[in-house]
Every structure is written in C-alpha cells, then in structure tokens.
Amino acid sequence: MSFLPEFKKGPHVLFYISPSGTHTFMAIDFSYKIMSTPGGKILIMTWNGFRGGDNVPKERLLDIHVKASITILDNSPLTYWRIEATSSEYDIDINSITFPIISGLTYIGDNGEDDFLVYPSLTGLLMRNPWKNLPVQPGIPWQLYPSGWVSMQFMAFYNIHLGGLYLATNDTEGNVKGFSVYRFSMNDWNMAVTHYQPYGEKSLNLTYSVIVGVFLGDWHVAAEIYKSWAENQWWCVEALKRSTPSWFLETSAIHSTSLYTPGSEGWASQIPFYTVPLLAEDSIKTLGMPVIMQVWGWEKHGTFTLIPDYFPPIEGWDAFDSMIYGVHRAGGKVSVFISTNYFSPELEAYKEMRKYAIKLKDRTLEGLMCPASTEWRSYVKEIALTLVRHGVDHVHLDGSLIDPPYPCVHENHDHPKGYGKWWFEAFKELFKEIREEAKKINPEVVFSSEEICELYIPFLDRFYSRGNVAELYATHWFWQITGSEAIPLFQYVYHKYISSWGHYVHGWSMSSSEISYSIKALATSLVWGEPLEIRLPSLNERMSKLIKINPIVLFFKRATTFRYKIAKDFLVYGEMITPLNFTTPVIRIKNPSWHLSPTELKETVTPAILHSAWKNSMGEIGFVFVNIGDESVEIKLRIDLSKYNLTQAFVIEERLGGARFVGKASNDFMTNITLNPNDIILLRLTEKRVPVYLSTQPGGMVLVVNKSSISPLNPTLLILERNKFYEFQAQMIHNVDESTRYKFERWIIEGERHGWEHIAANLSLKLDSPINLTALYSKEFHVNVSTPYGSINGTGWYKAGSLASLTIPVPEFLVGNGTRVVFEGWYEDGNLLSNETRLELKVDSPKNVEARWKKQYYISVETNIGQISGAGWYDYGSVAAIRLIAPKIQGDPLVRYVIDRVEGITKEDEFLNMSLILLKVDRPRNLRVFWKIDYTGLFSLISLITLITILITIATIIAFRYSSRKN
Ligand SMILES: [Zn+2]
C-alpha cells in the first residue's frame, strides 16, 4: 500500500524479551499457522527454545516458549497483536517483553517533510519529520505508561497527505508499558511497545492487545480511533458519574500569587495573608466574574521549602482562616498546592519517613515517596483534609503524576517488587481516599493532579497540563531531542471527561517580545478550553491598576470573559473536534525559557491565528479563533458541513462586542472572517437553534424574552431554540424623564421570505428560520396645560411632532359681585402663544402651557337723565373712561343740564371735565350721576342785553351832548 512507510530491508526483530540479566536470543524452533475465523484471520506464531543472550553460555539451550498472535479483521484497518512467554529456567525471569517492534522506519511519501510523529506525552507532542529530526538515542526517556509522560496508550506516525501507522494498546488495568521511539543509527528508526511486570515472574501473558493499524489523515484521525475505544472504558464511564461543581469548571480566571518566597538570604518576598482577599476583591471587580486565587507560599517555610512540613501556615491558622474567609466573602475561591510525592530529606522527620521512599534495586530515590505505602498516603491525605477543613476549595496534588512508575523493591512496601499495575492502583487509592473523605467535609471541594494519565480521570476534577512547558523548557533534554510542538492531544480525546489548566505566563519582567509570548500562552489555553492563569508582574499588585497599562492583563480579561460569557458551552462543556484547515500568516515570537538567561530568548514561528473546533452538548459546532499578532488578519474559511453530520446550519459569529448572523450554510460553506489584533471569535454552526435579531427602535427599550429581560441598544443577536415557542414582551412605556417617554407602537417581524407587523406588546412566536424582531416605539412629549380657573382640555402625552389641540370651553367666569375672569391667552415660558380659546400646538418638545386669565371689574354708571358711555367690564388696572353727555333741552338754548353730583367717585378718580371721568379700575364700581338744569346762559344773555342797553343809553347821552355844543 502506497501510504505505508518506507521500510529498510530486514531482517527485523519482532520482539525482545528482557529476562533478568540478558537479552537477545535466537529461537531454535519457529512455526506459524493461519486460522480463519468468522470475522477475519489469525496468524499464530510460536517459538520454542532459545540460544544466546549476553551472559549465557553459547551451548546452553534455554527452555523459553513464546507465542504471538495477530488478528486481522475483514473490515477493519486495525490488527490486534498478542504475546505470551514462559520461561522454565530457574535463573531466567521474564521482566518485560518489547512487542511489537516496528523497525526499519524511514519516511512516508517522497521525503519526511510532511511526516509527523504524534506522542501522548503530557498533553501531547507532535514532531515533524522524525526521519530527519529524531536523534540517535536508544529511546525517548520517561516513556512509561501510566504517567504524565505517557498519558494515553497510543502513538502514530503519519504523512498529512498519505496517512500512516497507528500503534496502541487497549489495556484497562494500568499495566506498566513503554511507548518507545528510538533509533540506533540514522539509517532508520523504530517504534515499539514494551510490557513490564514485577520482578521474579516466569511468564508474561498480555491481558490486552497491541493494536497496529493504518489510517488516513492527521493526528486528529489517530486520536479519533483511540477515542472511540477509550470512551467505552471504565475511566470515561466513571468520569461521567463524577460530580465536579460548575463553579470550578466555569470559573475562567485563575489569579496566581505567591506570599512568602524564600531567597538566598532571608525572604525574597513577604506578602501578608491579608493581601489575598484584597487582591481577590480587586480582580473580581476588574474582570467582572469570579476568580480562583491560587495561593503559593502560605506554608510554614514558604514556597516549595522543606516539603511537606506545611503546618501551621507561616502566619498561623487564624490568619490563614481569615484569608480564606476574606476571599470567599469577595466571591472568590482558594486553591493551594501540596506535594504528593516528595519529602525533603533535610527534614528531621525524614529519618522516620525514609522507609516509605522509593527503593530501586541499586539505590533509594531519596525524598521520592512510594505511593503504595499506606502510611505515606495517609500522611498526604491528612495534609489535604486539613486544608479542606480550613476552607480551601481546590487542593492541587502536585507531583502526583509527574513521575513514571518506578520498579520499587522496598522490602517493607506492600506491593509486588518491580514494575506493575500496583503503581497505578496506589495513586488511584491516594486520589480516591482523599476525594471521598474531603467531599464529606465540603461536597464542592475539588482536586487536581500535576499532569495526567487517562486512568485517573474519574478521581480528579482537573489536571495541570503545563501545556506550554515544551516551549518554556526549550533546552530541556526531552524537548531538545524531539523538537516537538505541544498539542492538545489529551484534551482532544478527553476534554469532555476532565478539564485542564496551566499554560505558564511569564507575566513579570517582560520585554516586549515576551508580551507576545504571554498572549500566545493565554490564547493557547483559551483555544484548548482551559481556564486562564495569570501571575501579575509584582505579586501584590492590583489587576485594576495593571489592566490600564499592561496588554497581557487586558488580553487576560478579554479571553477569560470570552470563555466565561460567550463560549462556555463549547470551551467548558463541549468536546474538541478536528479544527478547520486554512491559511494564516505566521508571526515571530520570542519564547522565554526557564533554562536560558532572561535576555536569551528563543525565536519561534507561530501562526497568527490560534484556533480550535468544538461540539457542544446540543450538537452545535463552534470554531474559536484568536488573533495573537499585532496586525489584522482576514481568514478564508471553507466549512464542509458533512464532516459534522449537518446538511445545513445557521452560521453565527460571536465576539465580545456582540453577535452577528453570518448566513445559512449548506454543503460547503465559505466565509471570510477578519480578526483585529487580539480579537477572539466564536463561529457557531447550529441547526437546532435559530438566530434572532432583537432590537428596539429607538434602542434601549426593555424587552422580555421568555421571562429574561434584555435591553438592546443595537440589534442584538439571540440564538434561540428551533421550533419552540418564545414569548417576546415589549415594555409599553419607557420613561425618559417626567415629560419625555417612549410608547410601544408595534412589532415589526421580518422573516426570510416575508414580514409582518403585530400591534400587541406580547408576541408569541415559534421560530424555525432567522428573523429580525423590532419593537417600534414612538417618542412622546408631555403637554402640561395649567389654568387657575375652570377646566381646560389638552393636558396629556403627545407623539412627537403631532398637534395638540388645547381648548378653553368656557372663557369667562363671574367670580364675585361685579368681578369676573376672562381667558387672556396661552403662554409658554411667559410668551404669548395665542389668545384664541383654541390652540393648535405643535408638540416638538415637552410643553408647559399656561392659560392666563385676566380679572375684570364691572363699572356701572347710573344716571337720572342723559347719556353715559363707558359702563361695562374693565380689566383690572385699566382706566375706565366714562363719558357723560348732557341731555339737550329743546327750544331753549340758554338753559342746559349740568352734572349736579356724582356719587361713587373718589379722590383718585379724575374728573377731567364735565363730560369725562377717568376711573382707575381696581374694584367693581358703581357711579351714580345726577344732573341739574343750568340757567347760566340765560342769565348771561340778560346781562348782556342789560349791558348793551346801558351802553346804548350812554352813547345816546354822549351824542346828544356833542350835537348841542355844535349848535
Ligand atoms: Zn514501594
């Protein structure tokens, strides 16, 4: 088959037996047979009698029998391999068998550039081109299962285009085995599985199979093969029954701090316990979500010193209890680390404890404790339970799985000597015992391990993945020889069953290049579904202060918020699926390293977009993308729905600013997404839910959707269940202030094919396709019309821009004797609008209209005779002019009427002449005018006539005198 690797020509060794003291034998007798079974064929091979071995005389015939079988199924790419060996030699035990050895490997395809080796160490390691990069070395050290160094039982070698080889075991009992990748020369390289058992056994009979198979695709496909088996095993079945509290799963921010850190002379740092609640309160407020405070350096001797002499805590139990109480009161949780495998030999008590240390055949591993000793487990359990009793919420069982199984031979330990599944059983007991007893104290308490192995999943709530440790330990021998990239292999198989955390962020003492690395580490944690851990540059510094100046802290907030509020159903509760394939620019990042000086940084090339793909419990697909570079990136995505068993789906883009309906996908869906620097996006594919844009016009009105309220300022995308009835209720009235408000008018519903309107505020809809729902509101202003008298029409709310009709039904009122009020006009802010009793007012703002009235007094004038004008109603304060017109006396011009007297007049009134009186109108008045006859004219005439008569008489006398003198 063309996709099989190129093998170097044989002969190839199929197995090694490792009896005590020697190896490498040649068989005397070999036979094989092929049996047909209903489902396939079985090849059975037997070897009887061997010669050879390093320390065995050449002539000695060893009575050792080996039988191996290979089962080939008709319809499976996987084959199942078994082996058993028996020694009848008194001095030859069978300690291990390496089987099968897949030797002579080179590369797949034309060269090794597209070849990868995937190895289940820590979270998973991926090595490109093992043919070129695998060093000449007898093996990958620390390759023993079950431990954090081999966390699952499979590895694969493949070409991304051509497929490859899958090598696994299906053991469910925790037998120790090595997964080896090694080469003796650059000519070829080998993959092998070694099966270990305790010393002194004469036979080894595998209780499980080795699986050798072929597959097409990359490591995700290999992981899928393994997952389909693993999910049916007891650790997954049990894990689903385990109750891990949601606070632990969902809390996305872990604030790590260190209180007492020993330095070379005295304390390197001393931060008092009481600081922790203050930091917790500040971080919770800054992030707007709960925080786990990971507290280091609380122990009697400070951080990682004289382990495990922890108690009492350095500031005493009272201060410790107050610290925990304070964090809880702030809304946070407390996490501490304790060691499960180490006892400092410097401690006096070690003299007593040394008998529980691991003893190998040739030496004691000083300080490293054997998990199989009941006494040591009790010791660790008591430490853990003491902390739980004091309120610690999360106890990290450090060191637990970081060691490979050791072949302990201590005579006083209660386990078989040498390798064996006792190692797994011992750790399982440790986790189980602690957990069961702790849950009686606090049912919400949680535990984690350092690294993980699949067998322990049911007994832990989380594991410390140290996902980026390969990058940080750049010069560590393990990663140096492999040059491997850390991948979420374990999460890909098991995220649904256990969560992880632990990408180190060197948040302190950073150059700018390290900022980019820290962001990469946080982003990796996020796309792997982990909560994010941060250490602030100065351990007692406040997040609220740093978030303004430190881009790492700002990104931390973005990423934790995204996990906690947007993508929880995928990143917390979902399962990882194969990510999309697309091209993304690469960026250069400088990795800090714990093994390099601070100024020395290792430059690495990383895709600018980190991403992952998920399936949630509803069967929705979620793609998470993070831009870790400092330039905008547009990615072109092609999504093949059939990969997810979907025929069509709605595609929704969700990010911190809000969600957007991208479109309806069917078959191959293409879309482009732009990510600005540090953008985080979830692309959701759903066929079970429907995108609904909800908006109010104008924005910000309150809507209630199935009893939860929302106040969309802008059109807000909701993702609602398909074919389910939803109640949308619009708030009828939204008051802006006392004179401006919005009133619900109608719903506007725009569907894919048609739209309609709905005038009731309550709207019930069954949704099966995307819609836009808009609650339309009209703005209203209050028109307040006030009047001191009578009634008025027109006060009330008016739609903006409408006309208010204000009327005064009765424009005048008698309010007393000779006193009345008369509508004067409509006033606003003291300005006259109109003096008509009906006013059409354009309502373009809140109105406060005042109807003004004026007081009038009645001025009555009575007379006994003659004419009078001017009686009537007068405004208060005005002057009434009363004209009096004398009646005429017929036929006698010399006699007339004159005013005799006027009653009711006062000093203030002006009686200008006989015919005009000016009255100041300040009360009702009643004038009575009396006339009399005036004869003065007649008298004058008589006088005139008399005078003239006199003058004539005088003239006559003078004339007479003059004429007589002349004569
Ligand atoms: Zn032991």
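The values are calculated or read from the model by the stated rules, or taken from the named source; none is laboratory data. Since this is a predicted model, take the numbers as computed values, not measurements. When we count neighbours, we look across all protein chains shown, and the Cβ atoms used for this are built from the backbone with ideal geometry, even at glycine. Areas reflect the complete protein model, heavy atoms only, side chains present, ligands, DNA and RNA absent. Shrake-Rupley method; radii C 1.70, N 1.55, O 1.52, S 1.80 Å.
Taking amide H as placed 1.01 Å from N in the peptide plane, L694 has its amide H under 5 Å from the amide H of T716, L717, L718, L773, each at least 5 places away in sequence or on another chain. Taking the Cα centroid of the range 143-212 and of the range 234-292, what is the distance between the two, rounded to the nearest whole Å? Using only Cα atoms, the two centres lie 37 Å from each other.
For the listed peptides 903-916, 160-173, a ranking on the average number of other beta carbons within 10 Å per residue, highest first, reads 160-173, 903-916.
Close amide H partners of D922, meaning residues 5 or more places away or on another chain with modelled amide H under 5 Å apart, are G877.
Computed with a 1.4 Å probe on the full set of protein chains, the accessible area for V704 sits at about 40 Å². Counting only alpha carbon atoms, the long axis of helix 936-966 and the longest principal axis of the chain meet at about 40°.
Normalising by residue count, the range 689-786 has a Cα convex hull of 90 Å³ per residue.
Rounded to whole numbers, the Karplus 3J(HN,Hα) couplings from phi for the range 304-317 are 6, 10, 6, 6, x, 7, 8, 9, x, x, 4, 9, x, 5 Hz, using 6.51 cos²θ - 1.76 cosθ + 1.60 with θ = phi - 60°, and x at Gly and Pro. Amide H contacts under 5 Å for A665: A649, F650, V651, restricted to partners 5 or more places along the chain or on a different chain, H placed in the peptide plane at 1.01 Å from N.
Over the residues of the chain, the helix contribution to mean residue ellipticity at 222 nm works out to -5500 deg cm²/dmol, using -39500 (n - 2.57) for each DSSP H run of at least 4.
Annotation: the antiparallel percentage among DSSP beta bridges lying fully within the chain is about 85. Peptides 307-316, 527-536, 887-896, 580-589 ordered by packing proxy, namely the average of other Cβ atoms within 10 Å per residue, highest first: 527-536, 307-316, 580-589, 887-896. Working note: Debye formula, equal point scatterers on the alpha-carbon atoms of the range 244-574, no solvent; log10 I(q)/I(0) at q = 0.06, 0.11 Å⁻¹ is -0.21, -0.72.
Were the residues from A955 through T303 laid out at 0.36 nm apart, the gain over their Cα-Cα distance would be 219.3 nm. The relative contact order of the range 138-193, computed from alpha carbon pairs under 8 Å that lie at least 6 residues apart in sequence, is 36 percent. Note that the chain shows a convex hull volume over its alpha carbon atoms of 328 Å³ per residue.
Any idea what angle helix 551-561 forms with the longest principal axis of the chain, computed on alpha-carbon atoms, 0 to 90 degrees, nearest 10? Around 90 degrees separate the two axes.
When only alpha carbons of the range 824-863 are considered, Rg and Dmax amount to 15.3, 56 Å.
Once all protein chains are placed together, I808 keeps about 10 Å² accessible to a 1.4 angstrom probe. To the nearest ten degrees, helix 219-230 and the longest principal axis of the Cα atoms of the chain are 80 degrees apart. Phi angles of the range 409-417 translate, via the Karplus equation with coefficients 6.51, -1.76, 1.60 and θ = phi - 60°, into HN-Hα couplings of 10, 4, 5, 8, 8, 8, 7, x, 7 Hz per residue; Gly and Pro are given as x.
Volume per residue of the convex hull around the Cα atoms, evaluated for the range 78-188, comes out as 134 Å³.
Against the empirical 2.2 N^0.38 Å (N residues), the range 795-949 has a Cα radius of gyration ratio of 1.68. Shape call for the range 274-410 from the C-alpha gyration tensor, a ≥ b ≥ c root eigenvalues: rounded (a/c under 1.5), prolate (a/b greater than b/c) or oblate? The shape class here is prolate. Sequentially through the range 389-400, phi angles give Karplus couplings (6.51, -1.76, 1.60; θ = phi - 60°) of 4, 8, x, 5, 8, 9, 10, 8, 8, 5, x, 5 Hz, Gly and Pro residues having no value and appearing as x.
The figure for K847 is an accessible area of roughly 30 square angstrom, using a 1.4 Å probe on the protein chains alone.
When all protein chains stay in place and ligands, DNA and RNA are ignored, the 1.4 Å accessible-area order of D829, D640, largest first, is D829, D640. The accessible-area ordering, largest first, of the residues S860, S500, S708 stands as S708, S860, S500, per a 1.4 angstrom probe.
Centre-to-centre, using Cα atoms only, the range 645-692 and the range 715-786 are separated by 25 Å. When the listed pairs K855/K907; K285/K557; K568/K636; K636/K664 are checked against a 19 Å cut-off, the alpha-carbon distance exceeds it for K855/K907; K568/K636. Residues in the chain average 45 Å² of solvent-accessible surface per residue, probe 1.4 Å, ligands and nucleic acids excluded.
The apolar share of the surface of the chain, taken as the fraction of accessible area on carbon and sulfur atoms (1.4 Å probe, ligands and nucleic acids excluded), comes to 52 percent. What separates the Cα centres of the range 901-967 and the range 512-590 is a distance of 117 Å. One decimal place: the segment L43-H754 gains 249.2 nm when fully extended, by the rule 0.36 nm per residue minus the C-alpha distance.
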